[in-house]
Amino acid sequence: MIQYYHHTEPFALELGGVIEHLTIAYHTYGELNAARDNAVWVCHALTANSDVADWWPHTVESGCFLDPSRNFVICANILGSHYGTTGPLTPVSPGGEPLYGDFPKLTIGDMARAHSLLANALGINKIHTLVGSSVGGFQALEWAAQEPERFGRMILIATDAKASPWTIAIDETQRMAIKADATYGERRADAAQAGLAAARAIGMLTYRGPEGYNRTQQDPDGQDITTPHRACTYQTHQGDKLCRRYNAYSYVTILDAFDTHDIGRGRGGVETVLKSLKMPAIVIGISTDIIFTPPEMRRLASMLGNAQYMEIDSEMGHDGFLVEHGKLNAILNKFCNTKS
């Protein structure tokens with residue numbers, strides 16, 4: 001069941017501006033033990049939400065690495081998102097209008113500080129394991145850099161310590177698609193739906209890559225030449241599906257925040273920060289990921305102060321972290337459920 005934390009003080013943002021009335025939506029699974037040392041915090045990716053069991057199947061189950069019979073699993077919806085935490089569609093005051101495209105600029109650091117506020121409010125001073133995949137990994141690394149003493153261990157899947165030119169270019173291409181929609185900027189929740197659908201279709205190419213598409217979107221042998229290609233209808237379906245559950249302003253807000261990610265900013269550089277993080281960590285790459293490639297993931301692991309690298313063989317590209325739950329559980333069960 002979704003829960004809400006309402007922060008009673010203004011929340012200042014790294015790039016300027018203030019959120020006067022911050023609400024954080026979150027889900028929990030399992031029970032916090034008497035020692036309060038069994039919390040596992042999951043940081044979610046771009047368009048996911050705080051309901052980990054919904055978007056990450058067969059992970060929040062008995063015998064899996066996010067086992068709610070052993071762990072108190074918690075996930076907070078990120079700042080700027082569409083699913084309950086303060087974002088572009090949130091009214092600025094009771095009965096007021098949302099900010100839409102005027103919502104203030106966020107950073108990954110802001111998202112991490114919001115997680116910290118919630119952890120403090122819940123009385124969770126020590127987190128056994130911090131978990132992050134993709135943009136969730138950005139949050140995890142940033143939060144670990146802000147409060148290294150808070151975490152016993154860390155799991156990083158298909159992510160990095162800094163947004164690369166390649167990932168920023170992917171984001172900009174999606175923003176271009178959204179802003180090419182003439183309705184972008186209109187003060188309504190369904191603005192730029194066509195642009196959002198196009199952006200999602202662009203994103204899907206990078207999430208799955210050629211191996212994933214060639215495996216799952218082949219046309220049947222003998223298909224009539226006038227029948228739409230399966231790959232075409234899949235792209236349209238993915239765009240339409242996102243539009244039914246998300247909004248263009250949150251999408252742009254989070255892409256913009258993605259591009260600010262650099263845990264070395266103001267801390268002496270990426271390598272300096274990573275080497276200072278001494279908690280046991282495991283870094284998992286995916287063999288066909290074209291967003292965060294295996295060489296990049298191995299480099300991330302090598303720079304961390306106490307990390308091991310593992311790789312999942314999958315044809316599903318970056319999305320392998322969502323679908324290869326059996327392989328993830330095999331790697332992470334022991335790591336996540338060992339006493340710190």
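Give the value in nm², to one decimal: projected area of the alpha carbon convex hull of the range 248-340, averaged over all directions.
Orientation-averaged projected area of the Cα hull: 7.6 nm².
Accessible area per residue, 1.4 Å probe, Å², for the chain: what's the number?
41 Å²
Using only DSSP helix segments of four residues or longer, with each worth -39500 (n - 2.57), what per-residue ellipticity at 222 nm results for the chain after dividing by its residue count and rounding to 500?
Result for the chain: -12000 deg cm²/dmol, rounded to the nearest 500.
What is the ratio of the Cα radius of gyration of the chain to 2.2 N^0.38 Å, where N is its residue count, to two decimals?
0.98
For the cross-link pairs K105/K126; K126/K278; K241/K334; K126/K275; K126/K334; K105/K275, which exceed 27 Å when the distance is taken from alpha carbon to alpha carbon?
K105/K126; K241/K334; K105/K275
What does the extension gain come out to for E172 and T8, with contour length at 0.36 nm per residue minus their alpha carbon separation?
Additional length available on full extension: 55.5 nm.
Taking K162 as the anchor, which aspartates and glutamates have their alpha carbon closer than 12 Å to its alpha carbon, excluding any fewer than eight residues away along the same chain?
By straight Cα distance, K162 reaches E142, D259, D262, E271, E296.
Could you order peptides 7-13, 327-333 by the average number of other Cβ atoms within 10 Å of their residues, highest first?
Descending packing order for the listed peptides: 327-333, 7-13.
Stretch R215-V18 to full length: gain in nm at 0.36 nm per residue minus the Cα-Cα span?
Extra length from R215 to V18 when fully extended: 66.3 nm.
Can you list the HN-Hα couplings for the range 107-112, worked out from phi with the Karplus curve (6.51, -1.76, 1.60; θ = phi - 60°), rounded to whole Hz and with x for Gly and Pro?
Those phi angles translate into 10, 4, x, 4, 4, 5 Hz.
Read phi for every residue in the range 162-177 and hand back ³J(HN,Hα) as whole Hz from Karplus 6.51 cos²θ - 1.76 cosθ + 1.60, θ = phi - 60°, with x for Gly and Pro.
Result, rounded to whole Hz: 7, 5, 8, x, 5, 5, 5, 5, 4, 4, 5, 4, 5, 4, 4, 5.
For the range 197-340, which whole percent of the accessible surface, found with a 1.4 angstrom probe, sits on carbon and sulfur atoms?
In the range 197-340, the share of accessible area belonging to carbon and sulfur is 55 percent.
Could you size up the charge dipole of the chain around its Cα centre, putting +1 on the beta carbon of Lys and Arg and -1 on that of Asp and Glu, and report it in debye to the nearest 20?
740 debye
If the viscosity is 0.692 mPa s and the temperature 37 °C, what translational diffusion coefficient in µm²/s does Stokes-Einstein give for the range 60-99 when Rh comes from Kirkwood over Cα pairs? Don't skip to the end; give the middle numbers.
Numbers: Rh = 12.5 Å.
Using the Kirkwood radius from Cα pairs, D works out to 264 µm²/s.
Given Cα pairs under 8 Å that are at least 6 residues apart, what percent is the relative contact order of the range 201-340?
With pairs under 8 Å counted, the relative contact order is 26 percent.
For the chain, give me the percentage of DSSP beta bridges that are antiparallel, rounded to the nearest 5 percent.
35 percent
Place the peptides 184-192, 129-137 in order of packing, highest mean first, counting for every residue the other Cβ atoms within 10 Å and averaging per peptide.
129-137, 184-192
Extending each Cα 7 Å along its Cβ direction at K278 and D224, get the distance between those two points in nm, one decimal.
Label at K278, label at D224, 7.0 nm between them.
Could you sort 222-233, 147-158, 298-309 so that the peptide with the highest average Cβ count within 10 Å comes first and the rest follow in order? Provide the component values of the computation, followed by the final result.
Working: 222-233: 9.8, 147-158: 21.2, 298-309: 17.1.
Packing order, densest peptide first, comes out as 147-158, 298-309, 222-233.
When the chain is modelled as a GNM with alpha-carbon springs shorter than 10 Å, which of T253, T236, T90 fluctuates the most?
Most flexible of the set in this elastic network: T236.
How much length is gained on full extension from A121 to E97, taking 0.36 nm per residue of separation minus their Cα-Cα distance?
Gain on stretching A121 to E97: 5.8 nm.
Tabulate in residue order the Karplus-calculated ³J(HN,Hα) for the range 295-305, using 6.51 cos²θ - 1.76 cosθ + 1.60 with θ = phi - 60°, rounded to whole Hz; enter x for Gly and Pro.
Each residue of the range 295-305 in turn: x, 5, 5, 5, 5, 4, 4, 5, 8, 5, x Hz.
Could you work out the relative contact order of the chain, using alpha carbon pairs under 8 angstrom and six or more residues apart, expressed as a whole percent? Could you put the intermediate results ahead of the total?
Working: 700 pairs, mean separation 62.4, N = 340.
Taking the mean separation of contacting Cα pairs over the length of the chain, I get 18 percent.
Net charge near D259: determine it from the other residues with C-beta under 13 Å of the C-beta of D259, scoring Lys and Arg +1 and Asp and Glu -1.
Here the count lands on -1.
Rounded to the nearest 5, what % of the DSSP beta bridges within the range 1-147 are antiparallel ones?
Of all bridge pairs located within the range 1-147, approximately 60 percent are antiparallel.
Quote the FRET efficiency, to the nearest 0.05, computed for Y234 versus D54 with a Förster distance R0 of 25 Å and r equal to the Cβ-Cβ distance.
0.70
Roughly speaking, to the nearest percent, how much of the range 1-74's 1.4 Å accessible area is carbon and sulfur?
52 percent
How large is the Rg to Rh ratio of the range 67-139 when both quantities use alpha carbon positions and Rh follows Kirkwood?
Ratio of gyration radius to Kirkwood radius: 1.03.
The values are calculated or read from the model by the stated rules, or taken from the named source; none is laboratory data. A quick note: this is a predicted structure, and the numbers were derived from the prediction, not measured. Please note: Cβ atoms are built from the backbone with ideal geometry, for glycine as well, and neighbour counts cover all protein chains shown. For accessibility, only protein heavy atoms count, side chains too; no ligands or nucleic acids. Shrake-Rupley method; radii C 1.70, N 1.55, O 1.52, S 1.80 Å.
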